[in-house]
Amino acid sequence: MNALTFSVNRKLFTVALACSAALTQAANLTQDNGAPVGDNQNSQTAGPNGPTLLQDIQLLQKLQRFDRERIPERVVHARGVGAGGVFVASEGLQDVSRALVFRKGEQTPVFVRFSTVIGSRGAPETDRDPRGFATKFYTAQGNWDLVGNNLPVFFIRDAIKFPDMVHSLKPDPVSNEQDPNRVFDFFSHLPESTHMLTRVYSNYGTPANYREMNGSSVHALKLVAADGRSQYAKFTWKSHQGERNLRPDELPKVQGQSVGHATADLLQSIEQKRYPSWDLYVQLIQPEDMNRFAFNPLDPTKVWTGVAERKVGTMTLNQVPANFFEATEQVAMSPANLVPGIEASEDRLLQGRLFSYLDTQMHRVGTNFQALPVNRPRVEVVNNNQDGAQNASGRQGSVNYEPSRLAPKPQDPQFKHSRLPLQGNTQQEAIAKTLNFQQAGEFYRSLSAQDQADLIRNLSGDLAKVRNAETRDVMLSHFYKADRQYGERLAKALKVDANGIERRAALLQE
């Protein structure tokens with residue numbers, strides 16, 4: 001056992017380890033997160049003659065580790081706090097996923113890291129920003145990381161725009177100050193950002209703390225049953241403490257007392273044995289139903305309105321790490337950490353994150369980051385990845401390759417990935433169903449009168465700083481297209497002719 005063993009659940013944790021040992025054959029080949037490998041001979045490809053897929057984590061991990069055999073603050077999510085606990089699968093999902101973490105009654109140790117996104121490690125936790133909500137499940141078949149945010153959607157839908165987006169949101173490289181001129185200059189070219197901008201400029205962009213905050217996977221994943229059938233799934237964490245957000249006038253008061261109020265609130269609540277908890281819910285869509293929606297369900301700028309939720313289980317956080325750096329700073333979350341029964345969907349943003357998160361953790365923490373106590377799976381890791389900086393694996397023997405008759409590491413075919421039927425040509429095109437504005441309008445209309453007024457105040461405050469009138473008016477037309485009243489109120493706050501904005505909005509296509 002290591003220093004991060006959750007003392008409150010020591011007995012439970014020991015039982016989980018014992019179960020892990022019984023359920024995993026040590027001789028079988030695994031990935032670095034402990035998940036068993038179904039095929040180590042063939043890369044995943046798009047059909048028999050198509051290109052290799054970026055989602056082939058086994059291939060990427062082997063190449064990454066090989067490239068780094070001879071050996072910084074996070075770029076995003078730098079400010080954060082972590083805590084340990086347990087997830088109990090109270091309802092079970094055996095009918096839709098073979099993942100052991102969803103087996104009814106299964107108790108799985110977890111580590112959760114909450115964070116802001118854009119600010120540095122010393123940035124105030126009152127900043128308007130999405131909040132990261134990342135959970136590492138130490139399952140009996142390897143680690144599963146459910147990496148999401150408090151808001152259920154995102155700004156962009158394609159990973160190729162992620163570096164540009166972060167650059168626009170980060171401080172100006174000349175002045176070192178965040179600048180709305182740069183932010184809206186970028187987003188005025190991406191109408192799909194209208195939904196997320198509306199949410200982040202509402203009071204949901206400034207949660208009161210981490211306990212009173214919901215979470216979302218944002219992306220759709222695939223759940224695969226024992227018989228190979230798959231369904232698309234989105235996950236939501238619902239706080240037992242309820243949701244509470246800070247209004248504009250509260251922000252300077254809270255920040256004036258502490259720039260780390262949310263971190264202190266979480267740790268103090270656990271130390272005082274007021275353990276925060278969340279229920280995990282899942283929404284499911286059958287593959288054959290994906291085209292029945294007016295939007296693409298794999299678009300991370302959309303919520304699945306009208307799709308029923310199903311409760312999965314409950315997570316309770318009850319352990320403050322003994323060492324902040326070793327846990328909160330060194331924990332390395334990645335959506336590529338998947339286990340049998342949970343796979344990546346074809347979401348274009350998620351597909352890029354499968355690579356970028358693992359790669360940035362190797363750069364930031366080191367080649368052997370998954371061997372650190374907070375990242376180490378609770379099952380034996382069996383593979384030929386070797387050496388690199390700070391390697392303490394203790395691997396022995398002459399055979400560091402596979403296949404081998406001298407020291408075989410068999411693969412279990414039951415853990416092969418599900419198959420996806422493909423058609424058409426390779427392409428570089430936008431998705432067919434964009435629906436850029438509708439859900440932003442629906443969210444605006446769902447807010448109370450007070451929350452709508454706060455949204456107008458928050459958003460118009462930053463738009464008023466935009467010096468380029470064309471950029472400002474394009475942004476206003478996006479919000480007008482989402483909801484006429486929404487756009488008119490913003491135009492009035494900025495003293496802009498609403499008729500001109502209406503004409504611009506009329507030219508926009510959903």
Response to the item:
Across (1) within 23 Å of PRO248 (Cα to Cα); (2) more than 28 Å from the chain's Cα centre (by Cα), ALA505 clears everything bar (1)
Worksheet entry | Among (1) open to solvent by 30 Å² or more (accessible area, probe 1.4 Å); (2) modelled with pLDDT of 95 or more; (3) farther than 22 Å from LEU93 by Cβ; (4) of a type in the set (A, V, I, L, M) - the single one VAL381 does not satisfy | (2)
Worksheet item: With respect to PRO321, is the statement that it is surrounded by 19 or more Cβ atoms within 10 Å (Cβ to Cβ) and either among the charged types (D, E, K, R) or not in a helix (DSSP H, G or I) (or both) true?
Response: yes
Worksheet item: Which residue pairs have Cβ atoms closer than 6 Å, lie 6 or more positions apart in sequence or on different chains, and pair a first residue in the stretch 335-352 that is outside any helix (DSSP H, G or I) with a second residue that is at pLDDT below 95 and of a type in the set (Lys, Arg)?
Response: PRO335/ARG353
Fill in: Residues of the stretch 416-450 satisfying the condition of being open to solvent by less than 70 Å² (accessible area, probe 1.4 Å), out of contact with any strand residue (DSSP E or B) (no Cβ under 7 Å at 6 or more places or on another chain) and over 22 Å from GLU192 (Cα atoms)
SER448
Discussion item. Please pick out the residue among THR367, THR360 that is part of a helix (DSSP H, G or I) and either of a type in the set (Val, Ile, Thr) or over 26 Å from PRO403 (Cα atoms) (or both).
Written reply: THR360
Worksheet item: Among the numbered criteria (1) open to solvent by less than 60 Å² (accessible area, probe 1.4 Å); (2) closer than 24 Å to ARG182 by Cα; (3) of a type in the set (A, V, I, L, M, F, W, C), which single criterion is violated by ALA453?
Response: (2)
Worksheet item: Is it the case that some residue within the stretch 276-285 is touching a Ser or Thr at 6+ places or on another chain (Cβ under 9 Å) and part of a loop (DSSP other than H, G, I, E, B)?
Response: yes
Worksheet item: Of all the residues that make up the stretch 197-225, how many are assigned to a loop (DSSP other than H, G, I, E, B) and polar (S, T, N, Q)?
Response: 5
Discussion item. Cβ-Cβ under 8 Å, sequence separation 6+ or interchain: first residue in the stretch 237-250 and more than 25 Å from TYR281 (Cβ to Cβ), partner acidic (Asp, Glu). Which pairs?
Written reply: ARG247/ASP454; PRO248/ASP454
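Here's the yes/no breakdown for (1) open to solvent by 60 Å² or more (accessible area, probe 1.4 Å); (2) at pLDDT 95 or above; (3) within 20 Å of the chain's Cα centre (by Cα):
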| residue | (1), (2), (3) |
| --- | --- |
| ASP249 | yes, yes, no |
| PRO252 | yes, yes, no |
| TRP278 | no, yes, yes |
| ILE285 | no, yes, yes |
| LYS311 | yes, yes, yes |
Item to complete: Read through the list (1) in contact with a Phe, Trp or Tyr (Cβ under 7 Å, 6 or more places away or on another chain); (2) under 19 Å from GLY80 (Cα atoms), then give the number of the only condition that LYS234 fails.
Response: (2)
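Out of ASP265, ASP299, ASP289, which single residue is under 25 Å from GLU510 (Cα atoms), open to solvent by less than 70 Å² (accessible area, probe 1.4 Å) and in a helix (DSSP H, G or I)?
Values: ASP265 fails: under 25 Å from GLU510 (Cα atoms); ASP299 fails: in a helix (DSSP H, G or I).
Just a single option satisfies the conditions, and that option is ASP289.
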Response to the item:
Screening LEU63, LEU93 for residues that are over 22 Å from the mean Cα position of the chain (by Cα) and hydrophobic (A, V, I, L, M, F, W, C) leaves only LEU63
Item to complete: Go through the residues of the stretch 177-193 one by one and say whether even a single one is in contact with a strand residue (DSSP E or B) (Cβ under 6 Å, 6 or more places away or on another chain), in a loop (DSSP other than H, G, I, E, B) and modelled with pLDDT of 95 or more.
Response: no
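The values are calculated or read from the model by the stated rules, or taken from the named source; none is laboratory data. Everything numeric here is computed off the predicted structure, so don't read it as measured data. Every residue, glycine as well, gets a Cβ built from its backbone with ideal geometry; the counts of neighbours run over all protein chains shown. These area figures cover heavy atoms from the full protein model, side chains too; ligands, DNA and RNA do not enter into them. Shrake-Rupley method; radii C 1.70, N 1.55, O 1.52, S 1.80 Å.
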